[in-house]
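Q: For reference, the structure I am asking about is given below.
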Amino acid sequence: MLNRIALIIAVFLIVLVALTFGEAIVHQALAWFSYLTGIVFHNFADLYYAAHDYVLRHSGKILIALALTVPISYWLIKNRESELGRRYSPRKIAIVLAIFLGWLGAHRFYLGQIGWGIVYLIILYVFAPLVVALALIDAARYLFMTDEDFIVPVVRR
C-alpha cells in the first residue's frame with residue numbers, strides 16, 4: 001500500500017516538474033539545435049510554421065510515405081508477431097527510460113527506486129545539466145550489464 005502511494009506521489013511530482021520545466025528545457029534544446037545547425041527556432045510557433053511549410057511543399061512525399069507505411073507495417077507485424085509479443089527485459093526498458101526521460105528520474109522510478117527518483121528531481125531543479133549527465137551514465141551502466149547482473153527489486157502489487 002505504501003509503495004502505491006509513493007508511486008502516485010512520484011508520478012505527480014514528475015508531471016509537475018515536466019510541466020514546470022519542460023518548456024524551458026525544450027527551449028534550451030532548440031537553442032542548442034539552432035547553434036549546431038544554423039536553423040533558428042525562437043519558440044514553438046516557429047517550429048509549427050516550419051513543419052507547416054514542409055507539409056505544404058512536400059505533401060506528395062508525405063502521402064507516398066503514408067501509403068508505403070501501412071503495408072510495410074502490416075507485413076512487419078504479421079511476420080514478427082512472436083517477437084513483438086515477447087516481453088522485454090526490465091534492463092532494456094530502464095535503458096530507454098534513462099536515455100529519453102532520465103532527466104526526470106523516470107528510470108529510477110520504474111526500477112522501484114523512489115528515493116533516487118526524487119533525488120533526480122531535486123538535482124533537476126538545482127542544476128539540470130548534471131541530472132542529464134547522471135541519467136546518461138546510468139544508461140551506459142545498464143547497457144554494459146547483463147540481464148543476470150541487473151537485479152531489479154520486486155515490487156509487490
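No value in this document is a laboratory result; all are computed from the given coordinates. Model, not experiment: these values are computed from the prediction. Cβ sites come from the backbone with ideal geometry, for glycine too, and all protein chains shown count toward neighbours.
Q: For Q113 and L66 in the same chain, what is the full-extension length gain: residue separation times 0.36 nm, less their Cα-Cα distance, in nm? Present the calculation step by step, with values, prior to reporting the outcome.
A: Working: separation 47, 0.36 × 47 = 16.92 nm, distance 4.10 nm.
Length gained, Q113 through L66: 12.8 nm.
Q: Another question, then. If R₀ is 25 angstrom, what is the calculated FRET efficiency for the pair M145 and F100, using the beta carbon separation as r and rounding to 0.05?
A: Between M145 and F100 the formula returns 0.85.
Q: Rank-order 100-108, 134-142, 59-67 by packing density, defined as the average count of other C-beta atoms within 10 Å over each peptide's residues, highest first.
A: 100-108, 134-142, 59-67
Q: On full extension of the chain, what length is gained from Q28 through Y54, given 0.36 nm per residue of separation minus the C-alpha to C-alpha distance? The partial results should precede the final answer.
A: Working: separation 26, 0.36 × 26 = 9.36 nm, distance 2.33 nm.
Between Q28 and Y54, full extension yields an extra 7.0 nm.
Q: On full extension of the chain, what length is gained from I137 through I122, given 0.36 nm per residue of separation minus the C-alpha to C-alpha distance?
A: Details: separation 15, 0.36 × 15 = 5.40 nm, distance 1.76 nm.
Additional length available on full extension: 3.6 nm.
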